[in-house]
Each structure stands twice: as structure tokens, then as C-alpha cells.
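Structure first, then comments.
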Amino acid sequence: QVQVVESGGGLVQPGGSLRLSCVASGNIFIINTMGWYRQAPGKQRELVASITSSGETNYKDPVKGRFTISRDNATSTAYLQINELKPEDTAIYYCNYDDFRYVVWGQGTQVTVSS
């Protein structure tokens, strides 16, 4: 099995930055995709960004230019750098690991943007 654990959330003022981390552990397959999703109160969970093990990235249009996803394959860690945070970015951010065997979700990390 595979487990993922997120960290790095918190309370940030508008215009601030955060870096979220997601560590995958267990029976990692060399070819996989790791992604960040978010779920705001009363809304559905939505994809924010994803990155394959070969480095291909995909972003939700509204976050392009402010969010950057990256990964370190040696440690099976995915990062989400979030800049110019806005109140509407407030949500629980979930990490997702996906290979041909498993789709695994983390517990989520809360990001709150407020002055």
C-alpha cells in the first residue's frame, strides 16, 4: 500500500505565500502522478495542479502563475508553492497519489487566507 501525508498549511494574510509538502511512502511505483486538490466550504473538491514522475505538470487555469507544483522523486515528495494568496484560496488542500494500482488521498492540510 501507499500512504501520503501533507503538511505546510496555515493562516496567511492576503498576498502572502505558503509551501505545501506531500510525502508518499510505502510501495511506491516509479511511474506515478501526484496532485494537489482543494475543497472550500460548501464546494466540491477540485484539482489545483498535478505532476507526473517525469515532470509533466497540469494546472487549473485560475491558479496559473501563482501556484507552482514540483516534486523530488528521490524522496517521493511533491510540493505546492502558493504565492499571492487570496481569500478565495481558503480551503483544505489534499494530496493525491495515483499509479496504475492505487489512488490514495492524504488527510488534507488547511489553508486559510485572512487579514
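Condition first: over 23 Å from ASN27 (Cβ atoms) and surrounded by 20 or more Cβ atoms within 10 Å (Cβ to Cβ). Now tell me which residues in region 70-102 satisfy that. Once the filter is applied, which keeps residues that are over 23 Å from ASN27 (Cβ atoms) and surrounded by 20 or more Cβ atoms within 10 Å (Cβ to Cβ), region 70-102 yields LEU80, ILE82, LEU85, ASP89, ALA91, TYR93.
Mind listing whichever residues of region 15-28 are surrounded by 13 or more Cβ atoms within 10 Å (Cβ to Cβ) and either farther than 16 Å from CYS95 by Cα or among the aliphatic types (A, V, I, L, M) (or both)? If you could, list the steps in order and put the result at the bottom.
Looking only at region 15-28, we keep the residues that are surrounded by 13 or more Cβ atoms within 10 Å (Cβ to Cβ), and these are 16, 18-25, 28.
The answer is GLY16, LEU18, LEU20, VAL23, ALA24, ILE28.
Assessment of region 38-50 against the conditions (crowded, with 20+ Cβ neighbours inside 10 Å, among the aliphatic types (A, V, I, L, M) and over 11 Å from the mean Cα position of the chain (by Cα)) yields no matching residue.
Determine, yes or no, whether VAL104 is within 15 Å of the chain's Cα centre (by Cα) and modelled with pLDDT of 95 or more.
yes
Among the conditions (1) at pLDDT 95 or above; (2) charged (D, E, K, R); (3) open to solvent by 50 Å² or more (accessible area, probe 1.4 Å), ASP61 misses just one, which is (1).
The values are calculated or read from the model by the stated rules, or taken from the named source; none is laboratory data. Remember, it's a predicted structure, so these values are computed and weren't measured experimentally. Quick reminder, even Gly has a Cβ in these numbers, built from the backbone with ideal geometry, and neighbours come from all protein chains shown. Heads up: the accessible areas ignore ligands, DNA and RNA and are worked out on the full protein's heavy atoms, side chains in. Shrake-Rupley method; radii C 1.70, N 1.55, O 1.52, S 1.80 Å.
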